[in-house]
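Student: Sharing a structure, written as structure tokens. Questions coming.
Read-outs throughout are calculated quantities, based only on the coordinates presented, and are distinct from any laboratory measurement. Small disclaimer: the values here were computed from a predicted structure and weren't measured. So basically every Cβ, Gly included, is an ideal-geometry build from the backbone, and we count neighbours across all protein chains shown.
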Amino acid sequence: MTKLNNQEIDRASLDMELKRGLQRTDEDLNIMERHAADLAMVESDIQLSMRKWDREYKDSHFHSVPRTMKHQL
């Protein structure tokens, strides 16, 4: 019988935690909806900088050495 009571208590605390998490998620979504334009601008800036970094990395690591550099060694 003690085990049943503990399970009921655990379920009640779990339900409360889930409700708090759901409420926090709703608040976060409301904030994101209010600032959608700012978030979109920041996201596009991040994507552009990542594309630039990716291109620079690939150019420096995966492409062949330029002809002028090849014959200087």
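Student: What does the charge count around ASP59 come to, taking other residues whose C-beta lies under 14 Å from its C-beta (Lys +1, Arg +1, Asp -1, Glu -1)?
Tutor: Once positives and negatives cancel, what remains is +2.
Student: In nm, to one decimal, how far is the modelled label at GLU27 from the one at ASP45, with both set 7 Å along Cα→Cβ?
Tutor: Label at GLU27, label at ASP45, 2.6 nm between them.
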